[in-house]
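Where a number appears in this text, it was derived from the coordinates with a stated rule and is not lab data. Worth saying up front: this structure is predicted, and the values here are computed from it rather than measured. Cβ coordinates were reconstructed from backbone atoms using ideal geometry, including for glycine residues, and neighbour counts include every protein chain displayed.
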Amino acid sequence: MSVYFRILAIVISALTETCAVAAQENGLTKGITLYNQLKIDSAIAELKKEAQSGISESQYYLGEALRKRNRYMTSEAKEWYEAAAAQENLYAMIQLGRSGNDLCRVMSNCPDSGKPPVDWLKNARSLAELLAEKGDPEAMYVMYEITLNRDWLEKSANSGNPTAQFWMAISTRQGEGFFLPWKRKESVGNWFKASAEGGNPRAMMEYAAYIHESGGDLEVARHWIKVAAEKGYESGVTSYGAYLAHAPERFGFELDLVKGYALTSLLKELNEGGSMQSYVEEVLPEIAEKMTPDQIKEAENFAAQWKNSHPPLSFFPDKLSR
């Protein structure tokens, strides 16, 4: 092999390793992307490759995907949760701890366990509490998941955790906590706003709806719908595309058939995400009827550019699912 090709091989290897490390640090690998698109079978195939290379997050999500596909804790799912837990993945420990209430108990086919579920929860709590005491907002949220003590949720939210802020809004809206009647709704809006500003796409859409229902500034609501779409959130892309195309007309968006068609067409990618295909098959022709062939071609080009410059589509499912 020539010196040139040896150098090229070293550079390619370094770039590949750098990309893999970046994916691990960002928590968004190909397998996790597929999982977030609810493409469970496709996700499992990719997650297995990533999990076998030692990526803790992929090991955790592989356990999640296997458990969801089978609807109960299987031996294989447990194996990957344990692999992630061995790398101090708190979420994996919690799922192992919750397995004591899993459907497998009813079916009497739970996998053999070298460590009782309660011990996994104790491990998770001891690690999370240590981090929480040092001011880690995510660890505070994990403490809430372990204890179901709303004080931990509020501490995490006040420390800036967008997930905790989102669930503070939801729980407050559902009647938890003590508020004067006119203050409860205000608190809900404030928590959704904080979570949206922290980057939570689900909160962005909830905050936009809150503004609309409260008779607030629709320009602000439009901003958050657009940002949610730019984050790749399925609900954001669905709404932004439909409202731009006036299918239906809501939130005062200016008519833009090209962008509306383009964004709606991107949803075809979510071909395993429940009823998304039937939605696209219904709405896309409705938008196309108002367009010229040149506009449709322009929309197709815009869709390709959007896909290349924005994060992958995602349903943003809860990381710690039941």
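Observations on the structure shown:
- Remark: the LEU148-LYS268 segment gains 39.4 nm on full extension, using 0.36 nm per residue and subtracting the alpha carbon distance.
- Restricting the trypsin sites (Lys or Arg not before Pro) of region 179-237 to loop positions (DSSP other than H, G, I, E, B) with no more than 11 neighbouring Cβ atoms within 10 Å leaves nothing.
- Cα convex hull volume per residue for region 227-303 (Å³): 85 Å³
- Members of LYS185/LYS319; LYS155/LYS319; LYS39/LYS78; LYS193/LYS268 lying beyond 23 Å, as alpha-carbon distances in this model show: LYS185/LYS319; LYS193/LYS268
- For a paramagnetic label modelled on SER75 (point 7 Å from Cα along Cα→Cβ), amide N atoms under 19 Å away belong, within region 24-63, to 63.
- Modelled label reach - GLU138, point 7 Å along Cα→Cβ, region 181-205 residues with backbone N closer than 15 Å: 199-200
- If you model the chain as an ellipsoid using its alpha carbon gyration tensor, with each semi-axis the square root of five times an eigenvalue, the axes come out at 35, 30, 19 Å, biggest first.
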